[in-house]
Amino acid sequence: MCLPLCLNAMARRVARRDFLATSSLGVVAAASGVATALPTPPQTIRYTHVVDLTHALDPSFPTFGGQVQFQMETTTTLDAEGWNTHRWHIDEHTGTHLDAPFHKSDHDSADRIPAAKLVGPLVVVDVRAKAAANPDAELTPDDLESWIKKHGPIPPGAIVAMCSGWDAHVRTPRFRNSDSSSTLHFPGFHPEAAELLLAQRDIKGIIVDTLSLDPGSSTDFPVHVRWLGANRWGLECAANLADLPPTGATIVVGAPRVTGATGGPTRVLALV
C-alpha cells in the first residue's frame with residue numbers, strides 16, 4: 001500500500017514533470033517571439049480493430065442489490081402490426097453502465113457530460129493476479145506506480161480501467177460473491193488510488209469490470225463519493241478488458257443523453 005508520504009512524493013514528481021513540460025513550451029514561444037503558449041496539435045486516432053467492452057443486457061444480468069432491474073415488454077410484432085417494438089422497464093444502473101457525477105453529487109447529470117470527456121486514451125491496470133487470490137483486492141497507488149514504471153506517464157485526458165478479470169464470472173454467483181451475511185466480495189478502486197488520479201492529471205473517468213467502483217464489501221462508498229463528487233464519471237461492469245493492451249487503445253463511451261439521468265446502460269468501444 002502506498003502511504004500518504006508515497007502519495008506526496010508521487011504528486012511532487014508529477015508536478016515537476018508538468019512544470020518542465022510547461023516550461024519547455026515557454027522556451028519555444030520565447031524563442032519565436034510568440035507571447036502565448038503553443039496550441040495543442042490535433043490528435044490523430046489510428047486503429048486496426050474494435051473491442052466491445054459491453055455485456056449484453058437481459059433480465060438475468062446480475063445487479064448490486066440482487067433484484068431484477070431490466071425487463072422488456074413486447075408492444076407490437078411484425079406479423080400483427082408490421083413492426084417489432086418493445087417497451088423497456090429499466091434501472092439506470094444496470095448492466096454495463098455509466099455512473100454520472102450526479103449519481104453521488106450535485107454535479108453533471110448524464111446529459112451534461114461533455115462529449116469530449118467520453119473519449120480518450122485508455123490505461124488498463126491489470127490486477128487479475130491479486131483479484132484471483134483475494135476477491136476483496138483493490139487497485140492501489142502502488143498498482144498505478146508499477147504501471148507508470150513499466151509504461152511511462154499516464155497520458156493527459158486518459159481514462160483508467162481496472163482489469164480484475166471479474167467479467168469472466170458475470171453469469172455465475174461469483175460475480176456478486178455474496179456471503180452468508182449478504183456482504184458482496186469483488187475488487188474495486190482504493191480511495192487513495194482515486195485521490196492520486198484526481199491529483200495527478202486531468203483523468204476523465206475510471207472503469208471497473210465489477211459491479212461497483214468501490215470494492216463489494218464497502219458500506220460508505222468513498223470512491224463514489226470522492227470521484228463523482230469531483231465531477232468525474234465512472235463506468236461499471238465493463239467486459240473484455242483483458243483483450244486490450246496496457247496502453248495505446250482509445251476508448252469511446254456511448255453514455256446515454258437523458259436529461260437529468262444519474263447514469264444508464266452504455267455501449268463502450270475500444271479502438272486498438
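Laboratory data are not the source of any read-out in this text; all were calculated from the coordinates shown. These numbers were taken from a predicted model, which means no experiment stands behind them. A quick note on method: Cβ atoms are made from the backbone with ideal geometry, for glycine too, and the neighbour counts reach across all protein chains shown.
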Charge tally in the Cβ shell below 14 Å around Gln69, where Lys, Arg are +1 and Asp, Glu are -1, Gln69 excluded
-3
Could you tell me whether segment 199-244 comes out rounded, prolate or oblate from its Cα gyration tensor? Rule is a ≥ b ≥ c as square roots of the eigenvalues, rounded for a/c under 1.5, then prolate if a/b exceeds b/c, otherwise oblate.
oblate
Compactness index (Cα Rg / 2.2 N^0.38 Å), segment 68-196:
1.39
Any lysines with Cα under 23 Å of the Lys104 Cα? List them, leaving off those in the same chain fewer than 8 positions away.
Lys117, Lys204
How big is the charge dipole of segment 43-271 about its Cα centre, in debye rounded to the nearest 20, if each Lys and Arg gets +1 on its Cβ and each Asp and Glu gets -1 on its Cβ?
560
Highest average packing first - 210-220, 80-90, Cβ atoms within 10 Å
210-220, 80-90
Using alpha carbons only, how many angstrom separate the centre of segment 189-236 from the centre of segment 123-145?
14
Residues whose modelled amide H sits under 5 Å from the amide H of His55, counting only those 5 or more places away in sequence or on another chain, are Thr96, Ala239
